[in-house]
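Enquirer: Let me begin by handing over the structure; questions about it come next.
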Amino acid sequence: MTRCWYLGPVLLLAACATQNRPAAPAPDPLDNPAPHLKNDEIHADLIQQMLDKGQYYAALAHIEDQKRSGDSDQLRLLEAEARRHLGQQAQAEALYRGLLNTAYAGQAYHGLGMLYKDSNLNEAIRNLRYAVERAPTNVDFRNDLGYALMIAGRYTEAMPQLSTAAELAPAQMKSRNNLIILMLLVGDEGAAQRLAQDADVKADGIRQLRDSARAIRNRQNAKAAKVAG
C-alpha cells in the first residue's frame with residue numbers, strides 16, 4: 001500500500017502521484033555557476049588587465065597564486081603570454097604547444113607566431129595563418145599576419161589581411177597605419193593619402209609612416225643582398 005506523509009492538503013496528491021516517477025535530472029552547473037568559478041573569471045580578467053598594462057611579473061605572481069587552487073587552460077594561456085613578453089621563449093612555447101588541442105588553439109597559434117616573428121618569419125606566418133583560420137574576425141590575428149607578410153615582402157598576401165583588420169576595427173590605429181605603410185610600399189600614393197585623410201592622420205603622422213615604410217624596404221633590400229652575396 002502506497003503511503004504518503006502528510007504534506008498539507010494541496011501538496012498531498014502531487015506528492016503521491018509523482019512518487020514512482022524517475023528522479024528529475026540534476027541542474028546543470030553551468031546554469032548557476034559556482035561562486036568559485038565566477039571568482040576565477042574575475043581573477044583572470046584582472047590578470048589580463050595586468051598583461052595589457054605591461055605588468056608581466058605581477059601577472060605571473062597572480063597566476064602562481066591562482067594555480068594553488070587549481071590549474072586551467074585559461075591560466076596556462078595567460079602564463080604563456082606573460083612569459084613571451086618577458087623573453088622566456090622556451091617556457092612560453094611549451095605552454096602554447098600544450099594548448100593547441102584546446103578551446104584556446106587560436107590564441108596559442110597566435111602566440112607561437114609572435115614568438116617566431118623575429119627568428120623565423122616563415123614559421124611565424126604559418127602559425128599566424130592557423131590562428132586566423134580559427135578566429136577569422138579577430139582583428140589582432142589578422143593585423144599580425146598581415147604585418148608579418150608585409151615584412152616578408154609578400155604584399156599581395158598582406159593586402160587582404162590588413163584590409164580586413166582595418167575594416168573590422170576602423171578606429172584601431174595599428175591596423176590602419178599598417179595598411180597605409182603597405183600602400184606606400186606598393187607605390188599606391190593615392191590610396192595611402194585617402195586612408196590617411198579618412199583617419200585624420202596629420203602631416204607628422206604621415207612622415208612617420210613613410211619612415212617606417214622606408215625602414216622595411218631597407219631591411220628587405222639588405223636581406224636580399226645578403227642572400228645574393
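The values are calculated or read from the model by the stated rules, or taken from the named source; none is laboratory data. Remember, it's a predicted structure, so these values are computed and weren't measured experimentally. Don't worry about glycine lacking a Cβ; one is built from the backbone with ideal geometry, like all the others, and counts go over all protein chains shown.
Enquirer: If you check TYR130 against the conditions, is it hydroxyl-bearing (Ser, Thr, Tyr), assigned to a helix (DSSP H, G or I), in the same structural domain as ASN101 (by TED's automatic domain parsing) and under 30 Å from ALA105 (Cβ atoms)?
Expert: For TYR130, the condition - hydroxyl-bearing (Ser, Thr, Tyr), assigned to a helix (DSSP H, G or I), in the same structural domain as ASN101 (by TED's automatic domain parsing) and under 30 Å from ALA105 (Cβ atoms) - is met.
Enquirer: If you don't mind, another one. So which of PRO170, PRO136, PRO160 ends up being without any contact (Cβ under 8 Å) to a residue 40 or more places away in the chain, surrounded by fewer than 24 Cβ atoms within 10 Å (Cβ to Cβ) and in a helix (DSSP H, G or I)?
Expert: Result of the check over PRO170, PRO136, PRO160: PRO160.
Enquirer: Of the numbered conditions (1) part of a loop (DSSP other than H, G, I, E, B); (2) under 19 Å from LEU149 (Cα atoms); (3) among the aliphatic types (A, V, I, L, M), LEU179 fails exactly one; give the number of that condition.
Expert: Failing condition for LEU179: (1).
Enquirer: Filtering region 182-204 down to residues that are within 22 Å of ASP144 (Cα to Cα) and either outside the structural domain of GLY146 (by TED's automatic domain parsing) or without any contact (Cβ under 8 Å) to a residue 12 or more places away in the chain (or both), which residue is surrounded by the fewest Cβ atoms within 10 Å (Cβ to Cβ)? Reasoning before the result, please.
Expert: To start, the set of residues in region 182-204 that are within 22 Å of ASP144 (Cα to Cα) comprises 182-188, 191-192, 195-196, 199, 201.
Narrowing the set further to residues that are either outside the structural domain of GLY146 (by TED's automatic domain parsing) or without any contact (Cβ under 8 Å) to a residue 12 or more places away in the chain (or both) leaves 187-188, 191.
Working: GLY187: 9, ASP188: 15, ALA191: 15.
Ranking the qualifying residues of region 182-204, first place goes to GLY187.
Enquirer: Could I ask something else about it? Filter region 192-204 down to the residues that are within 20 Å of VAL139 (Cβ to Cβ) and in a helix (DSSP H, G or I) and list them by number.
Expert: If the condition is that a residue be within 20 Å of VAL139 (Cβ to Cβ) and in a helix (DSSP H, G or I), then LEU195, ALA196, ASP198 are the ones that fit.
Enquirer: Inside region 67-88, can you point out the residues that are out of contact with any helix residue (DSSP H, G or I) (no Cβ under 6 Å at 6 or more places or on another chain) and either surrounded by 20 or more Cβ atoms within 10 Å (Cβ to Cβ) or not charged (D, E, K, R) (or both)?
Expert: Across region 67-88, the qualifying residues are SER69, GLY70, SER72, GLY87, GLN88.
Enquirer: Give ARG214, ARG207, ARG142 a once-over and let me know the one that is part of a helix (DSSP H, G or I), within 28 Å of ASP52 (Cβ to Cβ) and of a type in the set (Lys, Arg).
Expert: Numbers: ARG214 fails: within 28 Å of ASP52 (Cβ to Cβ); ARG207 fails: within 28 Å of ASP52 (Cβ to Cβ).
Only one candidate passes the filter, namely ARG142.
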